[in-house]
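Report on the following structure.
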There are 2 protein chains.
Amino acid sequence: MRHSAAHVMAQAVLSIFPEAKLGIGPAIEDGFYYDFDLPRSLTPDDLPAIEAKMKEIVALDLPFEREEVDREEARRLLAGQPYKLELIDELADEKVSLYRQGPFVDLCRGPHLGSTGELGAFKLVNIAGAYWRGDEHRPMLQRIYGVAFDTEAALQEHLHRLAEAAKRDHRRLGRELDLFSIHNEAGPGLVHWHPKGALVRRLIEDFWKDEHIKRGYDIVYTPHIAKVDLWRTSGHWDFYRDYLYSPMEVEGQDYIIKPMNCLGHILMYKTRLRSYRELPLRWAELGTVYRYERSGVLHGLARVRGFTQDDAHIFCRPDQLEEEVAGVLELARFMMQAFGFNEYEVFLSTRPEKYAGSAEVWEDSTRTLERALDRLHMAYSIDPGEGVFYGPKIDISLKDALGRSWQGPTTQVDFNLPQRFDVTYIGEDGKEHQVVMVHRAVLGSLERFVACLLEHYAGAFPVWLAPVQAVVIPIADRHLDYARQVAAELSGQGLRIQVDARAERMNLKIREAQLQKVPYMLVVGDNEAAASTVSLRLRNNQNLGTHSLASFKAMFESALEARE
Amino acid sequence: MRHSAAHVMAQAVLSIFPEAKLGIGPAIEDGFYYDFDLPRSLTPDDLPAIEAKMKEIVALDLPFEREEVDREEARRLLAGQPYKLELIDELADEKVSLYRQGPFVDLCRGPHLGSTGELGAFKLVNIAGAYWRGDEHRPMLQRIYGVAFDTEAALQEHLHRLAEAAKRDHRRLGRELDLFSIHNEAGPGLVHWHPKGALVRRLIEDFWKDEHIKRGYDIVYTPHIAKVDLWRTSGHWDFYRDYLYSPMEVEGQDYIIKPMNCLGHILMYKTRLRSYRELPLRWAELGTVYRYERSGVLHGLARVRGFTQDDAHIFCRPDQLEEEVAGVLELARFMMQAFGFNEYEVFLSTRPEKYAGSAEVWEDSTRTLERALDRLHMAYSIDPGEGVFYGPKIDISLKDALGRSWQGPTTQVDFNLPQRFDVTYIGEDGKEHQVVMVHRAVLGSLERFVACLLEHYAGAFPVWLAPVQAVVIPIADRHLDYARQVAAELSGQGLRIQVDARAERMNLKIREAQLQKVPYMLVVGDNEAAASTVSLRLRNNQNLGTHSLASFKAMFESALEARE
């Protein structure tokens, strides 16, 4: 159906621009596109006219008819279409499949609907430039994107979701809420956290640290650069070269900026003999790492070149692995819930074709991961052969408020590094044994996690994470003193509260606080000042009436507790 | 006197090793040295014999006699001494000054004591290798170091201070207390913070953040790499090239690892127009920066290649500078006192020969810094011409428990960067004005500050910073349950407490906890378990007798409050 919609659009465009040259027009997820070489640049204002023409074609209920002709006949039928002729020349078969609806003929393998009247609900949504055959040395065509669904209701829901996603775009929210910036002068993919964004990040980090310490983790710090030789030993220099930054030379030695934190932890582990009694060691680091990504794939906070992993490495004995993995999964689940993600999917990735360690050890530890998952009654799917070469892993993907998936917690067993770096402990038997190492992150990276939170909450962070939790808004200048008194009292009790003292109208101040997604607006005028109360309004514009400070404080505390 | 001691030592060495060839032997701070070419390597065991011989020479009370001879005579007198002959050949004067005591003659300008009997108290302390004339292509001589003072008491005090300093060496304490490590595999000067060291660092950081937020600072984060072009614009690429790491190339652009945090803050400042009403902005960052230092000068945590500055930049109007600088000085003083540094020296550095900005603006802002210092009644000295090229500055140097100076807080006004990056605000007059920028750090770097704390406290951190605050020591295995109960209760109340459950003797456990500088040892046996008490001992081995948990807790809390 979506492919048929593309043909209908092409017919409509040709009837408006008879000189149009057609590229290709496939179906894509949720819709379709078609590429055109046109005498002028299209603007969004052109789309309604094309849509109207498409509706006329639908009303005509023209049948889609397939024809098989020989090359010569095809070349004759598509004579004015150079891109089509180029495609015909490259076809291997003698016979060429064409589809025709009314006067419109296209080179096409099909299949299609019976007739244009069967087309569902559609809408043209976007225009973009696209090189012919994706080759930047070929002409730039204009691509029109459309979406199509069986019913008008499904189309409307999809358009609503698109609009929601655009409103929730974390790059836009990051700018509007003054949370972060990325600068071409410093380099793409490198995040600068502004005061409010940094505050959100710090609240997450502090919460994260507390929860880790409660669970027997120690926090460590390691440097951001190290000699290349370390990464040669680890194998990263060979396996992940494309993601590594080029070396810098110091006194004849090559150093690189670290792409991960594990090696520093291994060096610290090896500073002395470790006894089986000391294990497990759980070392966590909010470690900022740098990996190369093509500038074309960078995307706000979600895909960057420098990111802070909420990393930890667990050094344990083989008999401790199940308990440790279960602990990680429990922590991951706790974290997801704490941040409002109640839906997620769990994947267990098993041995790939190329792997380190023995098949038997893989089998054992995969079973161990399964037992840990079962212990927590976590439903999971198997991703066969999708483990990293160094060990099996469990990945969890979060579902946000729009049902979109985000990469979440990961837990990876590693047989490779303990062997390459000879990471051992002295067992109860007095002999050296190789430790098992677990790499894990429960948020992934602070950058991507904040992107996900922003889009999940559409910027309206729960009270505990809101950079500004309340704004006091005096109705007139004479209420400013009382406003400041309210703010001082609540600020002394730990609220992040501001007074909007500008000489602007109350309604504008309320509107702006709402746009800034501040959870509470405390409006104060004569009545409030006289009665020592505040008039309470929420960011969804709900008016909660008059409250004493104590009553507001209680409401605030309960939202804080509930992480609402 | 110290120089005379060097001559006496040379005479003593010659009388023990008649074949010794003499290098040079100057006086240095607190003492003297002399370089010798000897038939065998000296060991510390040789020093007492040389000292004994020196004492004999002192007892002989030989007069120091100056002679002036011509070159030929000097060459004859020092015929067996090739290094001396080399020096004579290079002398410009025809006449050569010699000093003689008894049979010993040395090439020397003097002056000297009247006789060897006037020599004060001395001691030989060290042997080291030293290339002749510091040239690694010339022979390696053996250097004997001695210290000398007017009185035996002064000598003893100095030796005590040396021994104290050795005991307090933060590199040694860092190893013994398992706080940090530096690895040749990763690179010299790059610090890996082990769990306990990282905990101390984190406590400092958290305290630092809280105190900054109280004072109206915002915490921000910026990336560790940026395009070289930024550092070209700032001037660092030209002025500080020797300290910068070599560039890494990304998609045809050169990036470097950041040597300072300022430029990221400037980029964030410039993301929008700033009004005079918004100022001052105080942006603080615990930013890890990397600067090249020769491996030869690296020293534990005190001199490193990567360090975390407790950095902040204040963007303000000229009329706000005094208030802002006073605020920084107040914070600096508060921080020094909080960490137990009650003695410090303050230096105001004024305009150097080469400078940015106008002499008038320099004059103005130097006066402003003086007024800020006066406001806080801080005594200071002027370091004329020692300002950095971009503005005047105030440096504070801390005195540690041994009276040694450590680089402490710094506050620097900057006229250069606001101009180079065109950092402005819209004034009340609606026009653009250049901001004044202040760089400041109140601890300096976390690395050096922790080195300083370690040496100041000889590793015995005050209770609030101690990584482990208390150890519960059961007298016998049957007291283990009660020990765990005590630990659980106190740990629930926020103490960092451990149980030493090893099958070792109580005295050994107490000794080890003391070596680990744990503030409190809670010994529990039958009596304590029966009465729900603990027997309390301090790390200085003071026995505080039996206490209820509540009584111990009160004592602990008051030490915590007092930051003792």
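With a 1.4 Å probe and every protein chain kept in, tell me what percent of the accessible surface of the range A:2-167 is carbon plus sulfur. All intermediate terms of the calculation are to be shown ahead of the outcome.
Values: 4290 of 8290 Å².
That share works out to 52 percent.
Total Å² of accessible surface buried at the B-A contact, 1.4 Å probe, nearest 100? Numbers along the way, then the final one.
Numbers: alone 26720 and 26770 Å², together 48890 Å².
Using a 1.4 Å probe on protein heavy atoms, the buried area is about 4600 Å².
Per residue, how much accessible area does the protein assembly as shown show when a 1.4 Å probe rolls over the protein heavy atoms, in square angstrom?
Values: 48890 Å² over 1128 residues.
Spelled out: the 1.4 Å probe surface of the protein assembly as shown, per residue, equals 43 Å².
Straight distance only, please: which aspartates and glutamates reach the Cα of B:LYS509 with their own Cα at less than 12 Å, same-chain residues fewer than 8 apart left out?
Filter leaves B:ASP500.
What are the lysines whose alpha-carbon lies under 25 Å from the alpha-carbon of A:LYS95, with same-chain residues fewer than 8 places away excluded?
Excluding near neighbours in sequence, the set is A:LYS21, A:LYS84.
Accessible area of the range B:481-543 with a 1.4 Å probe: how many percent of it is carbon plus sulfur?
Values: 1420 of 3360 Å².
That fraction is 42 percent.
Roughly how far apart, in whole Å, are the Cα centres of the range A:42-59 and the range A:480-541?
Using only Cα atoms, the two centres lie 49 Å from each other.
How shielded is A:215-222 by partner chains, expressed as the average number of their Cβ atoms within 10 Å of its Cβ atoms?
6
Measuring nothing but label to label, 7 Å from Cα along Cα→Cβ, what are B:PRO26's distances to the other copies in nm, shortest first?
Here the equivalent label points are 7.8 nm apart from this one.
Within the set A:LYS196/B:LYS258; A:LYS227/A:LYS399; A:LYS270/A:LYS354, which residue pairs have Cα atoms separated by over 30 Å?
Cα-Cα > 30 Å for A:LYS227/A:LYS399; rest within.
Of all the Cα-Cα pairs you can form in chain A, what percent are over 45 Å apart?
Working: 60675 of 158766 pairs.
Here the tail beyond 45 Å accounts for 38 percent of pairs.
Determine the calculated [θ] at 222 nm for chain A from helices alone, applying -39500 (n - 2.57) to every DSSP H run no shorter than 4 residues and normalising by the residue count; nearest 500 deg cm²/dmol. Before the final figure, lay out each step's value.
Details: 18 runs with 201 residues, N = 564.
Computed ellipticity for chain A at 222 nm equals -11000 deg cm²/dmol.
For the range A:295-342, which whole-number percentage of the solvent-accessible area (1.4 Å probe, protein heavy atoms only) is attributable to carbon and sulfur atoms?
On the way: 620 of 1440 Å².
Of the solvent-accessible surface of the range A:295-342, carbon and sulfur hold 43 percent.
Using the C-alpha atoms of the range A:444-560, what convex hull volume per residue, in cubic angstrom, is computed?
Details: hull volume 12.1 nm³, N = 117.
Considering the Cα atoms of the range A:444-560, their hull volume per residue is 103 Å³.
7 Å along Cα→Cβ for the label point: how many nanometres lie between B:GLU561 and each equivalent label in the other copies, listed shortest first?
2.9
For label points placed 7 Å from Cα toward Cβ, what is the shortest-first list of nm distances from B:ALA52 to its copies?
11.7
Report the convex hull volume per residue for the protein assembly as shown, counting only C-alpha atoms, in Å³. If you can, show how the numbers build up before the last one.
Numbers: hull volume 299.5 nm³, N = 1128.
Cα convex hull per residue, to the nearest whole number: 265 Å³.
To the nearest 20 debye, what charge dipole does chain A have about its Cα centre, counting +1 at the Cβ of each Lys and Arg and -1 at the Cβ of each Asp and Glu? It would help to have the intermediate numbers written out before the result.
Working: 68 positive and 84 negative charges, 303 e Å.
That gives chain A a dipole magnitude of about 1460 debye.
To the nearest 10 Å², what's A:ARG76's accessible area with a 1.4 Å probe?
Around 150 Å² of this residue is reachable by solvent.
What's the center-to-center distance, using Cα atoms, between the range A:277-314 and the range B:12-41 in Å?
Distance between centres, Cα-based: 57 Å.
Cross-link candidates for B:LYS209: which aspartates and glutamates have Cα within less than 17 Å, leaving aside residues fewer than 8 places away along the same chain?
A:GLU205, A:ASP206, A:ASP210, B:ASP218, B:GLU285, B:ASP310, B:ASP311, B:GLU330, B:GLU447
Taking amide hydrogens as modeled 1.01 Å from N in the peptide plane, which residues meet the under 5 Å criterion relative to A:ILE28, leaving out close sequence neighbours?
Those lying under 5 Å, H to H, from A:ILE28 are A:TYR33.
If ligands, DNA and RNA are left out, what is the accessible area of B:LYS84 with a 1.4 Å probe, given in Å² to the nearest 10?
Rounded to the nearest 10, the figure is 10 Å².
Between the chain alone and the structure with every protein chain in place, find the residues of the range A:182-196 that drop at least 30 Å² of accessible area; heavy atoms, 1.4 Å probe.
A:HIS183, A:GLU185, A:ALA186, A:LEU190, A:HIS192, A:TRP193, A:HIS194, A:PRO195
Only counting protein heavy atoms at a 1.4 Å probe, give the residues of the range B:235-271, ordered by number, whose accessible area falls by 30 Å² or more when the other protein chains are present relative to the chain alone.
When all protein chains are present, B:TYR245, B:SER246, B:MET248, B:VAL250, B:GLU251, B:TYR255, B:ILE257, B:LEU267, B:MET268, B:THR271 each give up 30 Å² or more of accessible surface.
The values are calculated or read from the model by the stated rules, or taken from the named source; none is laboratory data. Since we're looking at a predicted model, the values are computed, not measured. Neighbour counts are summed over all protein chains in view; Cβ atoms, including those assigned to glycine, are modelled from backbone coordinates with ideal geometry. Note: areas computed on protein heavy atoms with side chains; ligands, DNA, RNA excluded. Shrake-Rupley method; radii C 1.70, N 1.55, O 1.52, S 1.80 Å.
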